[in-house]
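Peer 1: A single structure is presented below for examination.
The values are calculated or read from the model by the stated rules, or taken from the named source; none is laboratory data. These figures come from a predicted structure and were not determined experimentally. Here the Cβ positions follow ideal geometry from the backbone for every residue, glycine too, while neighbour counts run over all protein chains shown. Just the protein is used for accessible areas: all its heavy atoms, side chains included, with ligands, DNA and RNA removed. Shrake-Rupley method; radii C 1.70, N 1.55, O 1.52, S 1.80 Å.
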Amino acid sequence: MSTFMRYFISGTEMASLPELGALFLEVHEEYLLLADPIDENSAELYFGEVLLGELEVNRPGDDLFDGDLEDLLDELNKQDDPAAVQVSAWLEEASGMLVIHVLRGGHEQYDTLMSPLIDSLFARYDGVLQVDTEGFFNRDGRIVSLL
């Protein structure tokens, strides 16, 4: 069981993993980002000893960022929803994205462990969250559903 979420940041430079780690520590002292020793833009996210997921920071020009952005814009163009145009414009202005690969531990404790982290991202960074096939969300809830 795994889910991919992408938090697109706009209006400011994309946060680094150390900045995100500090933000998550503000939420609770047991959150820990364990950096990948080979890739400075990747880390595992733990709560105590529970592995919640894997994180990766991507910026415009990165293959993953550009590929995901193109796929999501294509999907938004298929939607018969006026909000899809607004989300597309917003994504095109994004300074980066945080990819969160939510693993079993994150799913099992989503409401108590993952949800506060997502809330902290919305509180700190102007952004929009995309969750696999569920759609796009802002801090108030879903803005566009994906079919």
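Peer 1: Could you rank the peptides 113-120, 4-11, 68-75, 32-39 by their average count of other C-beta atoms within 10 Å per residue, with the highest value first?
Peer 2: 4-11, 113-120, 68-75, 32-39
Peer 1: In square angstrom, what is the accessible area per residue of the chain with a 1.4 angstrom probe?
Peer 2: 54
Peer 1: Rounded to a whole number, what is D in µm²/s for the chain from Stokes-Einstein with the Kirkwood radius over alpha-carbon pairs (25 °C, 0.890 mPa s)?
Peer 2: 159
Peer 1: Rounding to the nearest 10 and keeping the result within 0 to 90°, find how far the Cα-based axis of helix 17-27 lies from the longest principal axis of the chain.
Peer 2: 70
Peer 1: Out of the total accessible area of the chain (probe 1.4 Å, heavy atoms of protein only), what percent is carbon and sulfur?
Peer 2: 48
Peer 1: Also, I was wondering about something else. Could you pull out every residue, at least 5 positions away or on a different chain, whose amide H is within less than 5 Å of the one on Gly135? Hs are placed 1.01 Å off N in the peptide plane, and Pro or chain starts have none.
Peer 2: Leu146
Peer 1: Given the -39500 (n - 2.57) contribution per DSSP H run of 4+ residues, what per-residue ellipticity at 222 nm results for the chain, rounded to the nearest 500 deg cm²/dmol? Could the numbers behind the result be given before it?
Peer 2: Working: 5 runs with 52 residues, N = 147.
The helix-only estimate for the chain comes to -10500 deg cm²/dmol at 222 nm.
Peer 1: Roughly how many debye, to the nearest 20, is the charge dipole of the chain about its Cα centre, given +1 on each Lys and Arg Cβ, -1 on each Asp and Glu Cβ, and no other charges? Don't skip to the answer; put the middle values down first.
Peer 2: Numbers: 7 positive and 31 negative charges, 79 e Å.
About 380 debye.
Peer 1: Taking Cα atoms, how many degrees apart are the long axis of helix 63-77 and the longest axis of the chain, rounded to 10 and kept between 0 and 90?
Peer 2: 40
Peer 1: In whole Å, what are the Cα extents of the stretch 1-58 along the three principal axes, biggest one first?
Peer 2: 34, 26, 23
Peer 1: Under a Cβ-Cβ cut-off of 14 Å, what is the net charge of the residues other than Gly141 that fall near it, where Lys and Arg count +1 and Asp and Glu count -1? Could the numbers behind the result be given before it?
Peer 2: Working: positive: Arg139, Arg142; negative: Asp119, Glu134, Asp140.
Residues near Gly141 contribute -1 overall.
Peer 1: Any idea what angle helix 115-124 forms with the longest principal axis of the chain, computed on alpha-carbon atoms, 0 to 90 degrees, nearest 10?
Peer 2: So the helix axis and the longest Cα principal axis differ by about 70 degrees.
Peer 1: Residue by residue through the stretch 35-50, what is 3J(HN,Hα) from phi via Karplus (6.51 cos²θ - 1.76 cosθ + 1.60, θ = phi - 60°)? Round to whole Hz and write x for glycine and proline.
Peer 2: These are the phi-based 3J(HN,Hα) values: 5, 6, x, 9, 10, 5, 9, 10, 7, 9, 10, 10, 10, x, 9, 8 Hz.
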